[in-house]
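Trainee: I have a structure here, written as structure tokens, and I will follow up with some questions on it.
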């Protein structure tokens, strides 16, 4: 299987190498990522720029193409410009959650995966929520991603048209996993900007409103993460959510939990 991997946290992301290693278990991974962090860029694409800088570098023993561009740009470039045409597009693993409807529509991680989806390729967005103040390490992300390649492969091999786009949230440093089908919670991240006299100060991601615990049911992505479960949202050809009962039956059938 030919896999195109991108992200929105850039080439320096601590999660990049663990993601490449895990996905390499099921296919040949071509990696195109932003040269710097490009979080919260949604599915924006670059316009009115004469040139975009491209570099090739090594991470461990893996070739990585970096672009001074947006996440969806990286996905588009990988899909249409690389010699190895992807069978599957994967975006992530993201440093932090992409929970709720509002984040789905603003996340660069999800936006890059959607570029694959709209190009007619099955696509997966992977995010790893963590607690505030938690120390992030390669080992922690390796644990979160452990055996995720199996899920990606089973999703790819499912020929049902209801399985076209997948959004996964995995708690940080969780090696022993239980998967659950969820719907996106009606959660919003809250105020983004603070007035400072004649200036406006954007809030840092770490200071944004987090989903409140214990008010979202387990069958929502937020509720699942609060109970240390792996949340799976799957969408069909029209980007409509797949029926949760059908998805949970698939999880059981494939022995994913």
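Trainee: Return a yes/no flag: does the range 113-121 have any residue that is over 24 Å from residue 56 (Cβ atoms), modelled with pLDDT of 95 or more and outside any helix (DSSP H, G or I).
Mentor: Looking through the range 113-121, at least one residue is over 24 Å from residue 56 (Cβ atoms), modelled with pLDDT of 95 or more and outside any helix (DSSP H, G or I).
Trainee: Looking at the range 28-47, is at least one residue surrounded by fewer than 21 Cβ atoms within 10 Å (Cβ to Cβ), free of Cβ contacts under 8 Å to residues at least 60 places away in the same chain, in a loop (DSSP other than H, G, I, E, B) and under 16 Å from the mean Cα position of the chain (by Cα)?
Mentor: Scanning the range 28-47 turns up at least one residue that is surrounded by fewer than 21 Cβ atoms within 10 Å (Cβ to Cβ), free of Cβ contacts under 8 Å to residues at least 60 places away in the same chain, in a loop (DSSP other than H, G, I, E, B) and under 16 Å from the mean Cα position of the chain (by Cα).
Trainee: Could you please let me know if residue 157 is without any contact (Cβ under 8 Å) to a residue 12 or more places away in the chain and closer than 19 Å to residue 235 by Cβ?
Mentor: Against the criterion (without any contact (Cβ under 8 Å) to a residue 12 or more places away in the chain and closer than 19 Å to residue 235 by Cβ), residue 157 qualifies.
Trainee: Same structure again: Quick test of your reading of the structure: residue 14 fulfils all but one of (1) within 16 Å of the chain's Cα centre (by Cα); (2) surrounded by 18 or more Cβ atoms within 10 Å (Cβ to Cβ). Name the failing condition by number.
Mentor: So residue 14 meets the others, but not (2).
Trainee: Now for a different question. Looking at (1) crowded, with 19+ Cβ neighbours inside 10 Å; (2) out of contact with any helix residue (DSSP H, G or I) (no Cβ under 7 Å at 6 or more places or on another chain); (3) over 14 Å from residue 4 (Cβ atoms), find the lone condition where residue 53 falls short.
Mentor: (1)
Trainee: So, one more: When the residues of the range 60-88 are narrowed to those that are crowded, with 20+ Cβ neighbours inside 10 Å and in a strand (DSSP E or B), which ends up nearest to the chain's Cα centre (by Cα)?
Mentor: Of everything passing the filter in the range 60-88, 88 is nearest to the chain's Cα centre (by Cα).
Trainee: Please return the ranges of strands (runs of 3 or more DSSP E) entirely within the range 174-253 where 1 or more residues are free of Cβ contacts under 8 Å to residues at least 60 places away in the same chain.
Mentor: Where strands (runs of 3 or more DSSP E) fall fully within the range 174-253 and carry at least 1 residues being free of Cβ contacts under 8 Å to residues at least 60 places away in the same chain, they are 193-196, 199-202.
Trainee: So, in the range 42-60, how many residues would count as being more than 16 Å from residue 77 (Cα to Cα) and touching a strand residue (DSSP E or B) at 6+ places or on another chain (Cβ under 9 Å)?
Mentor: Total satisfying the criteria: 3.
The values are calculated or read from the model by the stated rules, or taken from the named source; none is laboratory data. Quick caveat: nothing in here was measured; it's all calculated off a predicted structure. No Cβ is skipped: glycine too gets one built from the backbone with ideal geometry, and neighbour counts run over all protein chains shown.
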